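Peer 1: If you scroll down you'll find the structure; I have some questions about it.
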Amino acid sequence: MRQAFCNGLVQQALLPEFVFLTGDLGFKVLEPLRDALGPRFINAGVSEQNMVSVSAGLARSGLRPWAYSIAPFLYARPFEQIRNDVCFHNLPVILVGNGGGYGYGVMGSSHHALEDYGCLLTLPHMRAFVPAFDSDVSTMIPALMQCDGPVYLRLGLSEEPKGWPIPEYAPWRRLLRGNGSVLAGVGPLLGGMLPALQQLGEDVRPEVWLVTELPIADVPEEFIASVRRTRRLFVVEEHTAHGGFGQMLAHHLAAAGVSLDSFIHKHALGYVSGLYGSQKFHRAECGLDPASIVAAVSVQ
Amino acid sequence: MAGRPPGVQVQAEAAGLIQRAKLRLLEMHYQSKVGHIGGNLSALDILMSLYHFRLGPDDKFVLAKGHSAGALYVTLWTVGVLSDEDLRHFHGEGTRLSGHPPLQGIPEIIFATGSLGHGLSLAAGLALGKRLRGEGGRVFCLTSDGEWNEGSCWEALIFLAHQKLDNLTFLVDLNGMQGFGSTRQVANLDPLADKFRAFGVKTVEVDGHDVNSICSALESSDGPLAIVADTTKGCGVSFMENQMAWHYLPMSEEQYQQAVREVTECGKLSVTA
């Protein structure tokens, strides 16, 4: 996904307002962007607080800064800079966090981003984008370049199943039809579940919805209708329960008067066994792997 | 309010201006019953020098030490940006003028500050923005001395030096006092000017209550520039000078009257002959 990200930004390089800052990361990925932007590509060094405030100053000057780092270094370390300097002033700074969720795997807890969009969406004007596929990134970049306020872009690894017909980009997309429950999820991990879910019989197979923009808005009527019909909702996300998509959706449905017979939220649980491994390992410990999800939705 | 360094002929004017601002600052803080007067009095001569003798239409200013908002408001009042009415409501219910610089409503205030360690990076961003856009003018930023306890200040220093932001000048209001002790007692950084020099930043030291010295230093546009301004917390009011309490306390009526007397009687304020 980082490759798609870099390619998409290179295509925007002629835009004179576009400035890219990195917290000293991007080796073997961002070199083409560095070459394309010249003096508008700034390695701000290992200093995320300064990088975010500098970005606010650049945005205040009428420029369009993108600030990039490994996700937790970008949203947790400089949280106050994001809050006071970017969000309070509603400045169009695009914060790009690489490695959403357990993306950095065995690198350990310091490198994981389990509460990123939840924290950031408590701030005024902030919006979060969680592309699931490489093509989402390509679609988002030109739109984000025109955004009128702060944005958090959470990058991960595209888990697009081979040959899967991905619908045209929309913040809410139905990826699979079924008569079982309704399953809604955020970001790339949903892509990796599709083949296993597709194997289920039609009566058990959930209707699967992918969400890539938060906080949720413009929830499709079709989605609400499906939830009303099945009254069973699964939510999956590689993020903590607190501040996550599941809570947002439950709140939205409660306010809309949609009642459910069951609501099951699968989410990041931190470090269940105290052991470390790949992203796949941590997902499995949280019941976010395809086999666990298939088992969960198969229980009638 | 632009580019007119105070020669001998305008020193008297500067003294009169600053005395008027100081009296208004005291009145404002007395009426509002708020503290932070000590750090406002240490910063006032710097702010007045900037706004009356240096800042031009293409220049920008960031007050990193947001707790000196009172001095900034009074300075903006002296240049006609804020009204008497605005100052009267300082710190009150429904005021435009919060205890630290506000987010909106006053275009001259580019950033709402108040948490220390943000302003210099913001100013660096503005300076870099000017460079990338090919714009003239200069960016100025006033930090406190205690603020340099913040790691982010040093991040900003590394950045502005490395990026050679030659359109950026930052000042330090070196009054030697911070929240709960003197800067030497709490986290000694003396001599701060040498530390800036060690980072490769041209640094000058001035008397922060001498308008001529401040203005001479502000005239320089040679490289990123640090101006370490030696100041006195509570400057001009004997019982406030270098007293920790005046970082926090509001004035009683008796104290206010004494402060007004001292400032009024001190005809030679802020200007050297």
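Peer 1: Of the residues B:134, B:125, B:176, which exhibits the maximal mean-square fluctuation in a Gaussian network model of chain B defined by a 10 Å Cα contact cut-off?
Peer 2: Among B:134, B:125, B:176, the largest GNM mean-square fluctuation belongs to B:134.
Peer 1: Continuing with the same structure: Where the centroid of each part is defined by its Cα atoms, how far is region A:15-77 from region B:67-125 in Å?
Peer 2: Centre-to-centre distance over Cα atoms comes out at 29 Å.
Peer 1: Treating only the Cβ atoms of Lys and Arg (+1) and Asp and Glu (-1) as charged, compute the dipole magnitude of region B:101-190 about its Cα centre; round to the nearest 20 debye.
Peer 2: Roughly 320 debye, rounded to the nearest 20.
Peer 1: Moving to a separate point now. For peptide B:131-137, how many partner chain Cβ atoms fall within 10 Å of a residue's Cβ, on average?
Peer 2: Going residue by residue through B:131-137 and averaging, the value is 3.
Peer 1: For region A:162-300, what class follows from the C-alpha gyration tensor (a ≥ b ≥ c being the square roots of its eigenvalues): rounded when a/c is under 1.5, otherwise prolate if a/b is larger than b/c, else oblate?
Peer 2: Here region A:162-300 falls in the rounded category.
Peer 1: Given axes a ≥ b ≥ c from the Cα gyration tensor, I'd like to know whether region B:172-273 is rounded (a/c under 1.5), prolate (a/b larger than b/c) or oblate.
Peer 2: Judged from the Cα gyration tensor, region B:172-273 comes out oblate (a/c at least 1.5, b/c at or above a/b).
Peer 1: Taking amide H positions as placed in the peptide plane 1.01 Å from N, state which residues far from residue B:144 in sequence (5 or more) or on other chains have amide H under 5 Å from it.
Peer 2: Sorted by chain and number, the residues that satisfy this are B:65, B:173.
Peer 1: DSSP loop trypsin sites (Lys or Arg not before Pro) in region A:162-268 with at most 16 other Cβ atoms within 10 Å of their Cβ, which ones?
Peer 2: A:162, A:177, A:231
Peer 1: How many percent of DSSP beta bridges within region A:2-155 run antiparallel, rounded to 5?
Peer 2: Looking only at bridges with both residues in region A:2-155, the antiparallel portion is about 5 percent.
Peer 1: If each DSSP helix of 4+ residues adds -39,500 (n - 2.57) and the sum is divided by the residues in chain A, what number results at 222 nm, nearest 500 deg cm²/dmol?
Peer 2: Estimated from H runs of four or more residues: -9000 deg cm²/dmol.
Peer 1: Among the chymotrypsin sites (Phe, Trp or Tyr not before Pro) within region B:84-192, which fall in a DSSP loop and have no more than 12 other Cβ atoms within 10 Å of their own Cβ?
Peer 2: Listed in order of number, the matching sites are B:180.
Peer 1: Who wins for biggest fluctuation among A:24, A:261, A:134 in a Gaussian network model of chain A, springs between alpha carbons below 10 Å?
Peer 2: Taking springs between Cα atoms under 10 Å, the residue moving most is A:261.
Peer 1: Do the alpha carbons of any pairs in B:65/B:233; A:28/B:164; B:202/B:233; B:65/B:130 sit beyond 20 Å of each other, and which pairs?
Peer 2: Over 20 Å apart, Cα to Cα: A:28/B:164; B:202/B:233; B:65/B:130.
Peer 1: Follow-up question, since we're still on this one. Under a point-charge model restricted to the Cβ atoms of Lys and Arg (+1) and Asp and Glu (-1), what is the dipole moment magnitude of region A:2-155 relative to its Cα centre, in debye to the nearest 20?
Peer 2: The calculation lands at about 100 debye.
Peer 1: Here's another thing I want to ask about it. Which residues' amide hydrogens lie under 5 Å from the amide hydrogen of residue A:21, considering only partners 5 or more residues apart or on another chain, with H built in the peptide plane?
Peer 2: Here the answer is A:42, A:66, A:67, A:68, since their amide H atoms fall under 5 Å of that of residue A:21.
Peer 1: Moving on to the next point. I'd like to check one number: the per residue accessible area of the protein assembly as shown, probe 1.4 Å, reported in Å² as a whole number.
Peer 2: 38
Peer 1: So, R0 is 30 Å and r is the distance between the beta-carbons of residue B:93 and residue B:242; what FRET efficiency does that work out to, to 0.05?
Peer 2: Result of the calculation: an efficiency of 0.35.
Peer 1: Here is a further query. Over chain A, with a Gaussian network built from C-alpha contacts below 10 Å, which listed residue (A:268, A:170, A:76) shows the highest mean-square fluctuation?
Peer 2: Looking only at A:268, A:170, A:76, the largest GNM fluctuation is found for A:170.
Peer 1: State the percentage of accessible surface on region B:190-273 attributable to carbon and sulfur atoms; use a 1.4 Å probe and exclude ligands, DNA and RNA.
Peer 2: Answer for region B:190-273 is 50 percent, counting heavy atoms of protein chains only.
Peer 1: Further question on the same structure: How tilted is helix B:8-32 with respect to the longest principal axis of chain B? Cα atoms for both, answer in degrees (0 to 90, nearest 10).
Peer 2: Compared with the principal axis, the helix lies near 60 degrees.
Peer 1: Now, a different point. Just name one of B:177, B:101, B:32: the one whose Cα is farthest towards the positive end of the charge dipole of chain B (beta-carbon charges, Lys/Arg +1, Asp/Glu -1).
Peer 2: Final value for the positive-end residue is B:101.
Peer 1: Still on this model: Just to compare against my own numbers: the Cα pair-distance distribution for chain A, 20 Å bins, whole % per bin, please.
Peer 2: With a bin width of 20 Å, the distribution comes to 35, 56, 9.
Peer 1: Rounded, prolate or oblate, given the Cα gyration tensor of chain B, with a/c below 1.5 counting as rounded?
Peer 2: Taking the square roots of the gyration eigenvalues as a ≥ b ≥ c, chain B is rounded.
Peer 1: Mean residue ellipticity at 222 nm from the helices of chain B, using -39,500 (n - 2.57) per DSSP H segment of n ≥ 4 over the full residue count, to the nearest 500 deg cm²/dmol?
Peer 2: -13500 deg cm²/dmol
Peer 1: Now for a separate question. Only bridges whose two residues both fall in the protein assembly as shown count here: according to DSSP, what percent of them are antiparallel, nearest 5?
Peer 2: Antiparallel: roughly 15 percent of the beta bridges in the protein assembly as shown.
Peer 1: Also: For residue A:209, which sequence-distant residues (separation of 5 or more, or a different chain) have an amide H within less than 5 Å of its own amide H, given hydrogens modelled in the peptide plane?
Peer 2: Residues meeting the criterion, in which the H sits 1.01 Å from N, are A:175, A:183, A:184, A:185.
Peer 1: Using the basic label-point model (7 angstrom from Cα toward the beta carbon), what is the residue A:109 to residue B:265 distance in nanometres?
Peer 2: 6.4
Peer 1: Karplus couplings for region B:245-262 from phi (6.51 cos²θ - 1.76 cosθ + 1.60, θ = phi - 60°), rounded to Hz, Gly and Pro as x?
Peer 2: Values, residue by residue: 3, 7, 6, 10, 7, x, 8, 7, 4, 4, 5, 4, 4, 5, 4, 4, 4, 5 Hz.
Peer 1: Sticking with this one: Which value in nm describes the separation of the simple spin-label points at residue A:90 and residue A:284, placed 7 Å from the Cα toward the beta carbon?
Peer 2: With each label placed 7 Å out from Cα toward Cβ, I get 4.8 nm.
Peer 1: Taking loop as defined by DSSP and a crowding limit of 14 other beta carbons within 10 Å, which trypsin sites (Lys or Arg not before Pro) in region A:1-68 fit?
Peer 2: Answer by residue number: A:28.
Peer 1: Here is a further query. Considering only B:41, B:127, B:56, whose Cα is most displaced toward the positive end of the charge dipole of region B:1-145, charges sitting on Cβ of Lys, Arg (+1) and Asp, Glu (-1)?
Peer 2: B:127
Peer 1: In addition: Take the alpha-carbon centre of region B:213-256, take the same for region A:118-192, and report the distance between them in whole Å.
Peer 2: Their Cα centres are 52 Å away from one another.
Peer 1: In the protein assembly as shown, if the dipole is taken from +1 on Lys/Arg beta carbons and -1 on Asp/Glu beta carbons about the Cα centre, which of B:201, A:7, A:122 is farthest to the positive end?
Peer 2: A:7
Peer 1: If we restrict to alpha carbons, what Rg and Dmax does region B:63-164 come to, in Å?
Peer 2: Over region B:63-164's Cα set, Rg and Dmax evaluate to 14.9, 44 Å.
Peer 1: Then there's this: For region B:8-272, what does the relative contact order come out to in percent, with C-alpha contacts under 8 Å and a separation of six or more?
Peer 2: RCO, region B:8-272: 26 percent.
Peer 1: Report the FRET efficiency, 1/(1 + (r/R0)^6), for residue A:296 and residue A:25, where r is their Cβ-Cβ distance and R0 is 30 Å, rounded to 0.05.
Peer 2: Between residue A:296 and residue A:25 the formula returns 0.25.
Peer 1: Just how large is the dipole of region A:72-213 about the Cα centre, in debye to the nearest 20, putting +1 at every Lys and Arg Cβ and -1 at every Asp and Glu Cβ?
Peer 2: In debye, rounded to 20, region A:72-213 gives about 60.
The values are calculated or read from the model by the stated rules, or taken from the named source; none is laboratory data. Here the structure is a predicted model, which is why all the values come from computation and not from measurement. Positions of Cβ are backbone-derived with ideal geometry, glycine not excepted, and every protein chain shown enters the neighbour counts. Surface areas here come from the heavy atoms of the whole protein model, side chains and all, with no ligands, DNA or RNA. Shrake-Rupley method; radii C 1.70, N 1.55, O 1.52, S 1.80 Å.
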